[in-house]
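What follows is one structure encoded as structure tokens, with my remarks underneath.
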């Protein structure tokens with residue numbers, strides 16, 4: 001019975017870790033990779049970044065264990081009906097504020113993956129922060145339609 | 001090093017056509033329906049002859065789209081954000097249509113047209129488009145054919161190189177360092193174009209897009225068109 005409870009607790013902790021990771025003031029919730037065609041030359045990664053500290057932070061670099069040509073930080077901006085993609089040198093998260101990486105806005109791009117991960121698979125990333133800390137993130141591959149549902153779920157787990 | 005000049009023509013020709021038609025009152029039997037977001041052309045615009053290609057259908061031209069409604073979306077497979085978002089949205093639209101046979105809509109043929117034939121082969125493009133829905137068609141052609149079609153429909157796009165966090169001056173794109181020739185992004189229109197069964201541009205769905213709104217707008221346009 002006890003081992004059963006431990007296993008259950010372990011499973012819950014593991015699940016929580018996929019949605020909410022905090023390190024040195026920055027909390028990452030709901031990280032996900034948008035499912036893409038098997039020959040997709042670029043993959044989008046999204047998440048919510050929350051800064052609970054008194055200091056402005058930013059993500060200055062991103063690494064991944066997935067074999068890719070390079071990783072870039074981007075921001076999509078729309079002028080009239082034209083979507084423009086702007087590579088960014090950092091993603092800012094102001095003190096006591098949040099920045100959402102989402103379709104049509106800030107996002108991380110995994111350029112030219114050797115193999116495109118399938119739905120349900122996990123992509124491991126490391127966010128390099130401006131304060132010198134590094135934060136590991138496990139992002140699950142899923143379709144865009146689940147974004148809203150997962151956001152609602154992560155809000156319920158908010159710890160601030 | 002290859003560079004492609006942008007096909008900057010926007011929607012001005014179409015707006016001009018629309019304005020003239022409205023002023024002249026040339027309705028010609030098509031009563032412009034009320035729509036939630038689509039811009040409906042009072043007089044459908046002729047899409048100038050184009051010659052694109054598909055890996056199994058072969059030539060993709062005006063004859064390929066006659067007799068059915070089509071939705072054209074322009075992009076490229078290296079598109080980091082907008083194209084996956086729009087293709088997913090249109091796959092959701094198709095699923096809604098398939099799940100609701102009571103809908104009056106005639107399901108449109110979704111056509112994903114690559115503005116970047118230098119990097120997108122027809123085979124890769126079809127595999128990419130077909131991932132979102134098995135009925136989706138991915139086509140492209142030689143750059144001049146792609147330019148002709150995009151200009152004819154008022155689709156804006158431009159290639160952009162980013163170096164050291166800055167956009168390279170388009171005039172000095174010849175200075176793109178060796179090895180980075182293929183690193184460009186393509187800024188492009190995110191509108192979706194509705195083509196009527198005569199192969200004419202009938203309406204423009206400007207972003208943002210919602211599947212249910214597009215379904216209702218297309219249905220209204222189709223009903224008015226009959």
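Nothing in this text is a laboratory measurement; each read-out follows from the coordinates by a stated rule. Note that this is a predicted model, so its numbers are computed, not measured. Cβ placement follows ideal geometry from the backbone for every residue including glycine, while neighbour counts extend to all protein chains displayed.
The table below lists the values:
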quantity: Fewest-first sequence of B:39, B:60, B:30 by Cβ atoms within 10 Å of each Cβ; calculated: B:39, B:30, B:60
quantity: Cα convex hull volume per residue for the stretch B:64-116 (Å³); calculated: 74 Å³
quantity: Pairwise FRET efficiency - residue A:118 versus residue A:70, Cβ, R0 = 22 Å, nearest 0.05; calculated: 0.50
quantity: Rounded D (µm²/s) - the stretch A:30-118, Kirkwood Rh over Cα pairs, Stokes-Einstein at 25 °C, 0.890 mPa s; calculated: 176 µm²/s
quantity: Proxy reagent accessibility, fewest Cβ within 10 Å first, across A:123, B:46; calculated: B:46, A:123
quantity: Footprinting exposure proxy for B:88, B:74 (fewest neighbouring C-beta atoms within 10 Å first); calculated: B:88, B:74
